[in-house]
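Presented below is the structure to which this report refers.
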Amino acid sequence: MVSATVKIYLIALHSSIAGLLWGLDTGSIGTITQMAQFSKSIGNLSSGTLGVYVACILLSASISSLCSGYVADFLSRKYAIMAGGLIFAFGAILSASSSSYTMLLCARLITGVGQGQSISVVTIYLCELAPHKIRGTVATMLQLLITVGIAAGYFIAYASSRLETSLAWRIPFIVEAAHAIVLAVGMIFMPYSPRWLVQQDRFEEAKAVLERYGDPEDVEKELIGIKRSLEEDSREQASFTEIFEKRYIRRSILGIFIMAFMMLCGVDAVLYYAPILFTQAGFSSQRASFLASGVSGIINLACTIPAQLWVDKWGRKFPLIGGGIAISLCYFAIGILYALYGGKANGEVYISGKAPQWAVIVLIYMFIGNFAWSWAIVIKIYACEIMPTRLRAKACALQQLANWMVNFTVALTAPTFLRASPSGPYFLFCAATLFTTIVCIFFMPETKGKRLEEIEELFEKKTGSSESL
């Protein structure tokens, strides 16, 4: 007989295909847009046009994520994920069949709507379903599959680039569409979130889910805790304005801040435009820069796995603070190297000397590894779990909106910024990362090993039943 813990991990694995889709797109899009076959089909894209195309998925995802809280509360967590998968599949199919830049842009915007809907809800779903003892490990399954997708996306695009026809850049989109359909169909068979069921006054169903997937000894205690949490906030319906009421404003601002500044560290600028970065660092061959990008995907995955296993032992503060310091040092070192040895020629950034070139490449890999074991794993879990049950879906939607709007800005400007200043982008990302780390040191309570309802009590006690800045 399959144990409850194994069932939870299998549910997490399937639900997190939403993350795999995000990773597949992130890993492949930079390589796709640098393919000669893509340019032959669509035309050569300027830095600005390239930035618009790559980043537009984040714009529609931002808008979609803002609505995802309403959808998750109305349809349920699992059907909200399913709806996102279906929309994503439609967008990916359109991308694979596109014949013009305009069509590609529209298809990517549709894909973003699906991505924003599904990925915004997965962390909520897993945090609410998983027993508190393994909540961190289960919720990080999403990030694990994102990294699997990034690595797979790089190598799928690298392999398909060897084809001479337009299938070279269409195949990655076809692969994405197939996985999105698998996600959508599979969600039919997933359980409802027990906390969502309690919100709908379906107590017997909630109890059955907790008995099947939780600790049998804790079922009654947990069910009572969920009911009490919801009864204390017994207003008819949660609203976005309520998130910023005095009682919740401290944790709300903290969650939005860390989710936004997670992207201001520039991780997606590195992942989206890895071929450009490695070309600037000395890889003159297109295939060599594609392959180097694939190696970054492997490092990302390799550093995510141990973090997923140990996140519930490490807690939340250590990875955020330790990872933030390591990321800042990597960026600072790259910035110094470009300031000393970098330059511009014919509108392109370069760095002189084999030693500085290899140092930059190693530091990029070190940054990716340090981000993977720390911020990538912990921030989304922490931002989700600090919010109370009745506000969680809408609060997480707002957090994801902030995350993707910052990410959109970074992805939109990165191609121009990377080609305009040798060292500027790295010093900017370093400063943003260091600032976030300082905020985490002083304003972030530890939530390791606590039930969601206990975390709510932690914030209540911290300010004596009302929160203030």
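The values are calculated or read from the model by the stated rules, or taken from the named source; none is laboratory data. Computed from a predicted structure; not experimentally measured. Cβ atoms come from the backbone with ideal geometry, glycine included; neighbour counts cover every protein chain shown. Surface areas here come from the heavy atoms of the whole protein model, side chains and all, with no ligands, DNA or RNA. Shrake-Rupley method; radii C 1.70, N 1.55, O 1.52, S 1.80 Å.
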Margin query: Is it the case, given these coordinates, that residue 395 is small (Gly, Ala, Ser), open to solvent by less than 10 Å² (accessible area, probe 1.4 Å), closer than 26 Å to residue 248 by Cβ and more than 13 Å from the chain's Cα centre (by Cα)?
Written below: yes
Next item on the list: State whether one or more residues within the stretch 344-352 are surrounded by 17 or more Cβ atoms within 10 Å (Cβ to Cβ) and not in a strand (DSSP E or B).
Entry: no
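Yes or no, residue by residue, for (1) aliphatic (A, V, I, L, M); (2) without any contact (Cβ under 8 Å) to a residue 40 or more places away in the chain; (3) closer than 30 Å to residue 453 by Cα:
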residue: 334; (1), (2), (3): yes, no, no
residue: 339; (1), (2), (3): yes, no, no
residue: 361; (1), (2), (3): yes, no, no
residue: 376; (1), (2), (3): yes, no, yes
residue: 379; (1), (2), (3): yes, no, yes
residue: 384; (1), (2), (3): no, no, yes
residue: 387; (1), (2), (3): yes, no, yes
Notebook entry, point to check: Looking only at residues in the stretch 410-435 that are at pLDDT 90 or above and either open to solvent by 40 Å² or more (accessible area, probe 1.4 Å) or hydroxyl-bearing (Ser, Thr, Tyr) (or both), which one is nearest to the chain's Cα centre (by Cα)?
Noted result: 433
Next item on the list: Looking at (1) open to solvent by 30 Å² or more (accessible area, probe 1.4 Å); (2) within 22 Å of residue 129 (Cβ to Cβ); (3) within 18 Å of the chain's Cα centre (by Cα), find the lone condition where residue 59 falls short.
Entry: (2)
Check: Mind checking whether some residue in the stretch 14-23 is closer than 18 Å to residue 380 by Cβ, in contact with a helix residue (DSSP H, G or I) (Cβ under 8 Å, 6 or more places away or on another chain), open to solvent by less than 10 Å² (accessible area, probe 1.4 Å) and not in a helix (DSSP H, G or I)?
Finding: yes
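If you take the residues of the stretch 278-293 that are modelled with pLDDT of 80 or more and part of a helix (DSSP H, G or I), which of them is farthest from residue 439 (Cα to Cα)?
So, considering only residues that are modelled with pLDDT of 80 or more and part of a helix (DSSP H, G or I), the one farthest from residue 439 (Cα to Cα) is 279.
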Notebook entry, point to check: Can we say residue 438 is in a helix (DSSP H, G or I), β-branched (Val, Ile, Thr) and surrounded by fewer than 18 Cβ atoms within 10 Å (Cβ to Cβ)?
Noted result: yes
Margin query: If the requirement is being farther than 26 Å from residue 147 by Cα, open to solvent by 10 Å² or more (accessible area, probe 1.4 Å) and not aliphatic (A, V, I, L, M), which of these qualifies: 76, 99?
Written below: 99
Next item on the list: Kindly establish whether residue 331 is hydroxyl-bearing (Ser, Thr, Tyr), part of a helix (DSSP H, G or I) and within 30 Å of residue 200 (Cβ to Cβ).
Entry: no
Check: Considering only helices (runs of 4 or more DSSP H) fully contained in the stretch 84-193, which possess at least 3 residues that are at pLDDT below 95 and in contact with a Leu (Cβ under 8 Å, 6 or more places away or on another chain)?
Finding: 101-129, 135-139, 141-160
Check: Regarding residue 63, is this residue among the β-branched types (Val, Ile, Thr) and modelled with pLDDT under 90?
Finding: yes
Next item on the list: Only residues in the stretch 406-424 that are within 15 Å of residue 56 (Cβ to Cβ) count as the first member; pair them with residues that are β-branched (Val, Ile, Thr) and open to solvent by 50 Å² or more (accessible area, probe 1.4 Å), Cβ under 7 angstrom, at least 6 apart or cross-chain, and list the lot.
Entry: 412/52
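What are the residues in the stretch 1-13 that are of a type in the set (Val, Ile, Thr), open to solvent by 20 Å² or more (accessible area, probe 1.4 Å) and assigned to a helix (DSSP H, G or I), if any?
Listed by number, the residues that qualify are 5, 6.
Give the residue that is farthest from residue 118 (Cα to Cα), with candidates limited to residues of the stretch 142-169 that are open to solvent by 30 Å² or more (accessible area, probe 1.4 Å) and of a type outside the set (A, V, I, L, M).
So, considering only residues that are open to solvent by 30 Å² or more (accessible area, probe 1.4 Å) and of a type outside the set (A, V, I, L, M), the one farthest from residue 118 (Cα to Cα) is 164.
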Check: Among the residues of the stretch 25-55 satisfying the criterion of being surrounded by fewer than 20 Cβ atoms within 10 Å (Cβ to Cβ) and of a type in the set (S, T, N, Q), which is modelled with the lowest pLDDT?
Finding: 47
Next item on the list: Please find, within the stretch 111-141, the residue that is nearest to the chain's Cα centre (by Cα) out of those that are open to solvent by 10 Å² or more (accessible area, probe 1.4 Å), within 27 Å of residue 177 (Cβ to Cβ) and of a type in the set (Val, Ile, Thr).
Entry: 123
